[in-house]
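Contents: one structure, followed by commentary.
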Amino acid sequence: MPRIAYVNGRYLPHSEAAVHVEDRGFQFADGVYEVCEVRHGFIVDLTRHLNRLERSLSELRMPMPMSRAALTLVIREVLRRNHVRNGLYYMQVTRGAARRDHVFPGPDTPMTVVITAKSTDPSIIAKKNENGISAITVRDNRWDRVDIKTVGLLPNCMARQQAKEAGAAEAIYVDDEGRVKEGAATNVWIVDEFGTLVTRPADHGILRGITRTTLMDVADKLGIPYREDYFTVDEMLKAREVFITAATSICFPVVTIDGTTIANGHPGSVSQKIREAFFEIAEKVTI
Ligand code: PDD
């Protein structure tokens with residue numbers, strides 16, 4: 001069965017799906033994206049993902065390419081056509097195709113909208129949750145507006161590749177003061193010595209992850225204390241637990257960082273509790 005993509009109003013097999021050679025997403029990374037989890041036939045946290053899409057576009061002075069209702073319809077259709085029950089959809093919106101020029105094209109230039117979807121294997125995620133993952137730390141070398149979810153991800157790709165070559169699954173960005181920022185494609189959390197969850201404040205220095213926001217709802221419901229605060233690499237290495245969050249993985253325990261074992265080297269109970277309660281509390285929209 002061929003995978004089907006939505007491209008500018010048409011549903012096409014991947015082999016036929018394409019954008020213009022002068023698309024500004026391709027030439028300038030002049031576009032934004034969202035990745036959203038699908039679990040047991042439900043789209044998870046759709047409203048928050050659409051809110052963030054709208055914010056990212058507006059920060060780059062682009063309107064929504066169509067109404068939320070129309071976007072939701074297309075997302076559902078792509079998921080249905082790809083028979084996704086567990087997996088994700090990927091949405092990319094760019095400023096459109098125009099003769100190459102750094103300056104924005106005219107407002108009548110149609111924006112590009114691409115939506116793809118794929119199934120994922122829940123057993124791979126389960127295994128990572130059971131064993132935990134390894135991470136490395138890297139200096140943050142990105143621009144100062146990483147709160148906008150742009151498709152300009154080359155530094156993130158370089159960092160993930162560096163992690164892979166070091167036998168790790170994630171690279172954790174560190175600022176010039178030695179404080180933890182976020183992962184190459186995840187937010188980072190610790191459980192401190194008092195059992196409080198701590199994650200960096202979502203200023204312009206990190207992406208305000210949707211999973212991060214919903215996790216705070218989960219912590220509220222479970223009565224787990226949390227705060228948004230800065231913490232150093234040293235504090236992270238001494239934490240009771242470290243975990244990373246993203247729509248594609250929800251909440252992976254990190255058991256070694258730069259070769260140092262975190263706590264007893266096994267996934268902790270707090271992240272497990274959160275993971276178990278997450279889908280109960282997150283918004284679920286039927287496909
Ligand atoms: N990445 N920080 C960065 C840099 C990210 O790229 C992501 C998500 C997150 C977590 O955000 P959320 O909880 O909304 O998924 C934090 C997606 C999954 C990706 O690029 O594939």
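Report, to the nearest 10°, how far helix 68-81 tilts away from the longest principal axis of the Cα atoms in the chain, using its own Cα long axis and a range of 0 to 90°. Approximately 80 degrees, to the nearest ten. In order along the range 134-147, phi translates into HN-Hα couplings of 9, 9, 10, 9, 9, 6, 6, 10, 9, 6, 8, 10, 6, 6 Hz, rounded to whole numbers, per the Karplus curve 6.51 cos²θ - 1.76 cosθ + 1.60 with θ = phi - 60° and x for Gly and Pro.
Accessible surface area normalised per residue over the range 113-165 is 58 Å², counting heavy atoms of protein chains with a 1.4 Å rolling probe. Between Val255, Val21, Val218, where does the largest GNM mean-square fluctuation fall for the chain, given springs only between Cα atoms within less than 10 Å? Sorting by GNM fluctuation, first place goes to Val21. Taking amide hydrogens as placed 1.01 Å from N in the peptide plane, the amide H of Val138 sits under 5 Å from those of Ile172, Tyr173, Val174, each at least 5 positions away in sequence or on another chain. Taking the empirical scaling 2.2 N^0.38 Å for compact globular proteins as reference, the range 47-109 has a Cα radius of gyration ratio of 1.33. Each listed q (0.07 Å⁻¹) maps to a log10 I(q)/I(0) for the chain from the Debye sum over equal C-alpha point scatterers, namely -0.27.
The heavy atoms of Val233 present about 30 square angstrom of accessible area, all protein chains included, probe 1.4 Å. In this structure Ser15 has an accessible area near 110 Å², from a 1.4 Å probe over the protein heavy atoms. Annotation for the range 140-161 versus the range 232-262: alpha-carbon center distance of 20 Å.
Note the direction-averaged projected area, equal to a quarter of the hull surface, for the Cα convex hull of the range 130-282, in nm².
Result: 8.2 nm².
Rg and Dmax, both from the Cα atoms of the range 1-157 and both in Å, are 16.8, 52. I'd like the orientation of helix 122-131 relative to the chain: the angle between its Cα long axis and the longest Cα principal axis, in ° from 0 to 90, rounded to 10. Long axis of 122-131 versus the principal axis of the chain: about 30 degrees.
Separation of the alpha carbons by more than 26 angstrom is noted, of Lys118/Lys164; Lys128/Lys238; Lys238/Lys284; Lys181/Lys273; Lys164/Lys273, for Lys238/Lys284; Lys164/Lys273.
Principal-axis analysis of the Cα atoms of the chain puts helix 269-281 at an angle of about 30° to the longest axis. Name the residue, out of Leu57, Leu153, Leu79, whose mean-square fluctuation peaks in a Gaussian network model built on the chain with Cα pairs under 10 Å. Result for the chain, Cα springs under 10 Å: Leu153 fluctuates most.
The values are calculated or read from the model by the stated rules, or taken from the named source; none is laboratory data. Quick caveat: nothing in here was measured; it's all calculated off a predicted structure. Surface areas here come from the heavy atoms of the whole protein model, side chains and all, with no ligands, DNA or RNA. Shrake-Rupley method; radii C 1.70, N 1.55, O 1.52, S 1.80 Å.
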